[in-house]
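Below is one structure, written out as structure tokens; the observations come after it.
The values are calculated or read from the model by the stated rules, or taken from the named source; none is laboratory data. Everything numeric here is computed off the predicted structure, so don't read it as measured data. Backbone-built Cβ (ideal geometry, glycine too); neighbour counts: all protein chains shown.
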């Protein structure tokens, strides 16, 4: 928990651009919502190739995976209900690439649609929040006792060293 | 914006992932399997090792043991090792197509090296089928046999009694509504008083006409009541007549059935084995309902409704499937192309071969086929079972079997005075079964060879044991048709007559006595019923007559008296007119 908090603080206080953090949060959420498969690997490839903040991506991915333990079943039920569309099913049946991406799987399709809808708004909102944090909150957070303690801890020092 | 080391990072990530899957997948699958199996069976499950092979892609499970929750010193199921080879391309698309599945050393009820833990104590397992239980027939005594013959007469007699009581009650109620003789006399007096009285003038005439009209209305309403009673009388007569006819028919049918049961008629005793074994076989066959229930969610709706013949059945709730219902799905969700199971059974080995295991047969255009071949076991000479199973527009299952020389363990049929011990015997059977949705058709022949029966019960059973021991073979022909939940079973044996003579020795006397008693009872019941019916008929005829009389007098009163009063009024008017004209002179 401390490591996660330290990671988040470090990224927020770093020189990384707000867009890099914003996209990392949005893509981490996308990868976390999706069941692991080829689509996840594609997202990881995008994250690796572009200068998106890796630490934030990994943290958000892990947290979202945890959340999906709760939300996977309702999402699957909802997708099953709304995906009974003849032309959609025909398209999925006739396109092998879509099947390779497992988009004919109920949960994967639901997760893909939800992730795609959330991608841009989450990236933009995260960017705005990071900017707001840096301009208004960062200096006060630096003075918090908790932050001082975290910075003074051995774990943080080790983390700094490794990075 | 482009990370220079991006590809390198991705390759490292991908390689680490593959290594992780290779190293961790086996233990992870093992943990998952143990957890879900323990949750399902409620007892300890042990798996030595689960490993993943990459080329070709396959999963191997070593030494799986599932503790029998009812008997924790033994396993309910265990096997030495199993291997499932998965096809890669379908797996990439998310379909589980298993090219070859092999299970070696499959055993039911093997002893465990140490007692397994039980997490959930099981309830009574009513679905378990074993051959000893199948043969564990309670021989009925005479009263039970009579009860099983399902006689119709008592029910019909009771129905007649109840009907008579109901009709009587209704008639009594209606009777009170009929006009009494006094009230009719009163009407007559009133009308007479009116018609005999002198008409003074036109106003008097009008008043009397109105009074007469009122009387007429009252009489009409009484007439309607009389009509209603008449109708009820006719209805009662018909109902009672019908009930008496039904009782007579039932008693005739029962008499015939009892004659057959007691071997009195020429046709001999046809249904003794039916009475003895019919229910038992029916119950066993009904257990196939489980198979139908399992396949039911996969049967298309049209097929289901035609199978059940019910248009009002509520639509089934379709649960979300892992894969969306694509119009042209390339593979079934789950498909085992070939499976071979090596089964350790009764001190020997059996091989079960299966092909095309799936629930979506329409996609592969082929049925699931299976065959089991067992030879030279200590307790069984040979057993061959083959068949196929497909869920298309309907669920169709075909099964053929041939069983030779199954050595029977000593067992006792019946209990107490009717106990019959079977010390030894060899069973052979062959047959076929077809299950289409929930409709079953089955033909089987069962032959008990070299049977050795003993009985210390009554003399009839000892006689039966001797007779049976003299037989080279005891054959049974079993046919089942109809709905799987309530099958109609017909069991016939060429030994029925011998069995019937012996087994029903005691019962025959009781049956004869019962028959005599029944006949006497029936006669007396019929006579009482009919006598009562005759009384009733007389009463009804009498009442009918009375009602007709009442109706007739009302009619006469209505027409005659009204005419009288009108004529009288006419005359009076005429006289008055003549007076006014000067006496007509």
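How many residues are free of Cβ contacts under 8 Å to residues at least 24 places away in the same chain, within 13 Å of residue A:38 (Cβ to Cβ) and within 8 Å of chain B (Cβ to nearest Cβ) when one looks only at segment A:80-103?
The total comes to 2.
Restricting the search to segment B:17-41, which residues are over 30 Å from residue B:77 (Cβ atoms) and more than 14 Å from chain A (Cβ to nearest Cβ)?
The one that is over 30 Å from residue B:77 (Cβ atoms) and more than 14 Å from chain A (Cβ to nearest Cβ): B:19.
Of all residues being part of a strand (DSSP E or B) and farther than 16 Å from residue B:370 by Cβ in segment B:327-344, which is farthest from the other protein chains (Cβ to nearest Cβ)? Just the residue, please.
B:344
Within the bounds of segment B:359-370, is there any residue that is touching a residue at least 60 places away in the same chain (Cβ under 8 Å), farther than 22 Å from residue B:341 by Cβ and in contact with a strand residue (DSSP E or B) (Cβ under 7 Å, 6 or more places away or on another chain)?
No, that holds for no residue.
Yes or no, residue by residue, for (1) in contact with a helix residue (DSSP H, G or I) (Cβ under 7 Å, 6 or more places away or on another chain); (2) surrounded by 12 or more Cβ atoms within 10 Å (Cβ to Cβ); (3) closer than 29 Å to residue A:104 by Cα; (4) within 14 Å of chain A (Cβ to nearest Cβ):
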position	(1), (2), (3), (4)
B:5	no, no, no, yes
B:15	no, no, yes, yes
B:43	no, yes, no, no
B:56	no, no, yes, no
B:65	no, yes, no, no
B:96	no, yes, yes, yes
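So, in segment B:139-176, how many residues would count as being modelled with pLDDT under 75 and not in a helix (DSSP H, G or I)?
Residues meeting the conditions: 7.
Here are some residues: B:32, B:42. Which one is within 30 Å of residue B:121 (Cα to Cα), assigned by TED's automatic domain parsing to the domain that holds residue B:106 and under 39 Å from the mean Cα position of the chain (by Cα)?
B:42 is the lone residue from the list that is within 30 Å of residue B:121 (Cα to Cα), assigned by TED's automatic domain parsing to the domain that holds residue B:106 and under 39 Å from the mean Cα position of the chain (by Cα).
Mind listing whichever residues of segment A:47-59 are assigned to a helix (DSSP H, G or I) and surrounded by fewer than 23 Cβ atoms within 10 Å (Cβ to Cβ)?
A:48, A:49, A:54, A:55, A:58, A:59
Spot the failing condition for residue A:54; the list is (1) under 28 Å from residue B:8 (Cα atoms); (2) more than 9 Å from chain B (Cβ to nearest Cβ), and only one is missed.
In the conditions (1) under 28 Å from residue B:8 (Cα atoms); (2) more than 9 Å from chain B (Cβ to nearest Cβ), residue A:54 misses (2) alone.
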